[in-house]
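Working notes, structure below.
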Amino acid sequence: MSPTNFMSTFSKTIREIHDAYDSGQLTPSQLTQRYWDQIQKSKHNAYITLCQERSIAQAAAFTQDLKSKYGGKVPRTQMPLFGIPMGIKDVQTMDGIRTTAGSKMLENYIPPYTATSVIRLEAAGAIALGKLNMDEFAMGSSNENSAFGPVIHPTHADRVPGGSSGGSGTAVAADLCFAATGTDTGGSIRLPASFCGIVGLKPTYGRVSRYGLIAFASSLDQIGPMTKTVEDSALIAQVMAGEDPYDATSSDRPVENWYQTALTAQQAPSAKGLRIGVPKEYFIDGIDPEVRQAVEAAIEKFKSQGASIVPVSLPHTEYAVATYYVIAVSEASSNLSRMDGVRFGVRPKEATEASNPADFYKKVRANFGPEVKRRIILGTFALSSGYYDAYYRRAGQVRRLMRNDFEAAFKTCDVIVSPVSPTTAFKMGEKSKNPLQMYLTDIFTIPASMAGLPAMSVPVARDREGLSIGLHLIAPRFAEETLIRAAVLAETGANS
Amino acid sequence: MPEVNEALIRKVADLARLELKESEIQEYVKSIGDILKHVDQLSSATVEGVEPMIHGVDGTLRLRPDEIIAFPTDEQGKPKVMQSAPEVMYDGYKVPQIL
């Protein structure tokens, strides 16, 4: 690729960028500047806070180091993300950089520490361009719940980008960063990835440290990458994953070479020996016919690549949304009790005039947006005396049954496939007046979250309006290698 | 399922230290009522003898050594964690007098 050509398009993979750095066709400074030019032109509202000076300085240092320290060759093994401009979802802390979680409550919050996931990205050479917009406290499926305004879909301005990592989805798809982080509690990586036409990977619960992640629902939250290709998602996830003494739920299992898994699968795209599970409960009435058709075509493609297709059953799927909207909101109501205006966050003037502690907290917490308040009320209700057994305890029991469903299904298959969502990106405002309808958007992504399973969204088709359709892949706990292999095959299928 | 009415929403909002406008109360009566109606289907699941799944991980959580690690300080030698406080006085969090 000639230099001019390279600078006029955005390359698809980290490998291509590193090749261009090695050959001197491109420098980290040039690439970073290219993204800044895009960001300045953009009207997507994808970022909440920009780190322009910081990122330009980092890129200059990398450009210098490449020449003087590394002899012109990217140190790919030590720094696999060398000079890669990324966006960070504004729910991961960065020392000295405002982190809002999309909330007015934290509009002035400057954390004194950096999330482990971000430390690892930066140590690997990633350059943070800024903090990406999101639904407030990661609560939403459309990114219409941000206190900093909605994010615009990358290609269809009247549509939502999906949520809650909507800023991440749009930023990657619209070339406002090379790759982004997202967080997923019930589908918040996979849904925007599907709606925006990119790849999203939610690792197994416990793979990526949650230290420095502003908590929504602690037993579900997981950080993962959002990228244009499966191989880059594999690489970035691998960089972030691994045990962290600061998160007791982080797993001490060794992290395999997921990047190599992706490259190997690309070199020899065969699904031989792979058993693809198709759950009948995920192909219900109400799925958009074009979505159904695209997923069925992807399944056929797996078959033609040598996979065997296995019908499986996940009988408790019908309870997914109900279970989630007890467990997630209960955990949220507890986690968000720390937003008390004493140690951090906004303390409005009315609060300082409060006459008693309850009144003080109420004035502070008036800064929560309507969806967050709705979920705190629901969660407080579910945990309250007299209702705990009927709601929280029972939801925990059904959650176990959902997990048992997966364990039984994975005895006969290696990966489960389904649509990510029943529809493609819906119109702004279409569901915002009906929270329950909005919640049902996540019906296919919630079960994997409940069971702590790794899952991905891979774009496989577009509908007649040009909106992306994502294929959802779910693997057993800690089987990221299988998941990534299958995702590469789905991606290869989509491109051919 | 209890009846979701204004009194219930007011009571729970008070427990959660949330102050709601009248219009919000009406909206929550409707939307939370709808959601709880949907959640009510959990009552049809057979859960006898099933241990609730509360955590995202199996087994016991690891502990780290009980060591004191000093929090990073700023140029003045003050703990950086205090920089995000809404109000500070004598190196402590300042809160309004409420008694």
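The values are calculated or read from the model by the stated rules, or taken from the named source; none is laboratory data. Computed from a predicted model, the values in this text were never measured in an experiment. Neighbour counts run over all protein chains shown; Cβ positions are idealised from the backbone, glycine included. Each accessible area value is taken on the protein alone, full model and side chains, heavy atoms only, with ligands, DNA and RNA left out. Shrake-Rupley method; radii C 1.70, N 1.55, O 1.52, S 1.80 Å.
The combined condition, being away from chain B (no Cβ under 14 Å) and either part of a helix (DSSP H, G or I) or more than 23 Å from B:I98 (Cα to Cα) (or both), is fulfilled by A:K303.
Report whether or not A:E331 is of a type in the set (D, E), more than 30 Å from B:K80 (Cα to Cα) and under 32 Å from the mean Cα position of the chain (by Cα). For A:E331, the condition - of a type in the set (D, E), more than 30 Å from B:K80 (Cα to Cα) and under 32 Å from the mean Cα position of the chain (by Cα) - is not met. Annotation: A:F283 fulfils all but one of (1) among the hydrophobic types (A, V, I, L, M, F, W, C); (2) open to solvent by less than 10 Å² (accessible area, probe 1.4 Å); (3) closer than 24 Å to A:P422 by Cα; the unmet one is (2). Remark: pairs (first residue in the range A:391-402, aromatic (F, W, Y); second residue open to solvent by 10 Å² or more (accessible area, probe 1.4 Å); Cβ separation under 7 Å; 6+ apart in sequence or on different chains) = A:Y392/A:L383.
In the set A:K67, A:K12, only one residue is modelled with pLDDT under 95 and either among the small types (G, A, S) or surrounded by fewer than 17 Cβ atoms within 10 Å (Cβ to Cβ) (or both); that residue is A:K12.
Within the range B:77-99, which residues are modelled with pLDDT of 90 or more, open to solvent by 80 Å² or more (accessible area, probe 1.4 Å) and within 7 Å of chain A (Cβ to nearest Cβ)? Within the range B:77-99, B:Y93 is the sole residue that qualifies.
Listed by first and then second residue, the pairs with beta-carbon distance under 6 Å, at least 6 apart or on different chains, first residue in the range A:352-374 and among the acidic types (D, E), second open to solvent by 20 Å² or more (accessible area, probe 1.4 Å), are A:E371/A:N145. Residues in the range A:165-209 that are free of Cβ contacts under 8 Å to residues at least 60 places away in the same chain and in a loop (DSSP other than H, G, I, E, B): A:S188 alone. For the range B:21-33, what are the residues that are within 8 Å of chain A (Cβ to nearest Cβ) and either hydroxyl-bearing (S, T, Y) or loosely packed, with under 15 Cβ neighbours inside 10 Å (or both)? Once the filter is applied, which keeps residues that are within 8 Å of chain A (Cβ to nearest Cβ) and either hydroxyl-bearing (S, T, Y) or loosely packed, with under 15 Cβ neighbours inside 10 Å (or both), the range B:21-33 yields B:Y28, B:S31. Among the residues of the range B:51-73, those that are in contact with a helix residue (DSSP H, G or I) (Cβ under 9 Å, 6 or more places away or on another chain) and aliphatic (A, V, I, L, M) comprise B:M53, B:I54. Taken over the range A:215-258, the criterion of being part of a loop (DSSP other than H, G, I, E, B), out of contact with any His (no Cβ under 7 Å at 6 or more places or on another chain), farther than 22 Å from A:R76 by Cα and polar (S, T, N, Q) is satisfied by A:S218, A:T249, A:S250, A:S251. Residues that are free of Cβ contacts under 8 Å to residues at least 24 places away in the same chain and among the basic types (K, R) within the range A:13-67 comprise A:K41, A:K67, listed in sequence order.
Annotation note: of B:L36, B:L42, the sole residue that is hydrophobic (A, V, I, L, M, F, W, C), more than 7 Å from chain A (Cβ to nearest Cβ) and open to solvent by less than 90 Å² (accessible area, probe 1.4 Å) is B:L36.
Look at (1) surrounded by fewer than 18 Cβ atoms within 10 Å (Cβ to Cβ); (2) touching a Lys or Arg at 6+ places or on another chain (Cβ under 6 Å) and you find that A:V239 fails only one, number (1).
The residue that is surrounded by the fewest Cβ atoms within 10 Å (Cβ to Cβ), among those in the range A:347-363 that are aliphatic (A, V, I, L, M) and facing chain B (nearest Cβ under 7 Å), is A:A358. If you check A:I119, A:I152, A:I127 for being more than 14 Å from every other protein chain (Cβ to nearest Cβ), open to solvent by 10 Å² or more (accessible area, probe 1.4 Å) and farther than 20 Å from A:G186 by Cα, only one passes: A:I152. Looking at the range A:415-496, the helices (runs of 4 or more DSSP H) lying wholly inside it that each contain 1 or more residues that are closer than 30 Å to B:G33 by Cβ sit at A:435-440, A:446-451.
Scanning the range A:155-171 for residues that are of a type in the set (S, T, N, Q) and open to solvent by less than 10 Å² (accessible area, probe 1.4 Å) turns up A:S164, A:S165, A:S168, A:T170. When A:T4 is tested against (1) modelled with pLDDT of 95 or more; (2) open to solvent by 40 Å² or more (accessible area, probe 1.4 Å); (3) more than 23 Å from A:S165 (Cα to Cα), only condition (1) is not met.
Would you check if A:M438 is within 11 Å of chain B (Cβ to nearest Cβ), within 30 Å of A:T229 (Cβ to Cβ), touching a Ser or Thr at 6+ places or on another chain (Cβ under 7 Å) and open to solvent by 10 Å² or more (accessible area, probe 1.4 Å)? Criteria met by A:M438. Looking across A:E136, A:E144, one residue alone is buried (at least 24 other Cβ atoms within 10 Å of the Cβ), over 14 Å from the mean Cα position of the chain (by Cα) and either modelled with pLDDT under 95 or acidic (D, E) (or both). It is A:E136. Restricting attention to the range B:68-95, the residues being part of a loop (DSSP other than H, G, I, E, B) and either touching an Asp or Glu at 6+ places or on another chain (Cβ under 6 Å) or among the hydroxyl-bearing types (S, T, Y) (or both) number 2. Entry remark, the range A:364-387: residues being facing chain B (nearest Cβ under 7 Å), crowded, with 24+ Cβ neighbours inside 10 Å and touching a Pro at 6+ places or on another chain (Cβ under 8 Å) number 0 in total. Listed by first and then second residue, the pairs linking a residue in the range A:95-113 that is open to solvent by less than 70 Å² (accessible area, probe 1.4 Å) and outside any loop (DSSP other than H, G, I, E, B) to a residue that is of a type in the set (S, T, N, Q) and modelled with pLDDT of 95 or more, with Cβ atoms under 8 Å apart and 6 or more places separating them unless they lie on different chains, are A:I97/A:T49; A:M105/A:N367; A:L106/A:T99; A:L106/A:T100. Can you find even one residue in the range A:324-344 that is within 21 Å of B:S43 (Cβ to Cβ), buried (at least 18 other Cβ atoms within 10 Å of the Cβ) and facing chain B (nearest Cβ under 8 Å)? Yes, that holds for at least one residue. Would you mind stating whether A:V295 is in a helix (DSSP H, G or I), more than 10 Å from every other protein chain (Cβ to nearest Cβ) and either under 25 Å from the mean Cα position of the chain (by Cα) or among the hydroxyl-bearing types (S, T, Y) (or both)? Spelling it out, A:V295 is indeed in a helix (DSSP H, G or I), more than 10 Å from every other protein chain (Cβ to nearest Cβ) and either under 25 Å from the mean Cα position of the chain (by Cα) or among the hydroxyl-bearing types (S, T, Y) (or both). Here the range B:3-20 is the region considered, the condition is being without any contact (Cβ under 8 Å) to a residue 24 or more places away in the chain and outside any helix (DSSP H, G or I), and the residue that is most open to solvent (accessible area, probe 1.4 Å) is B:E3.
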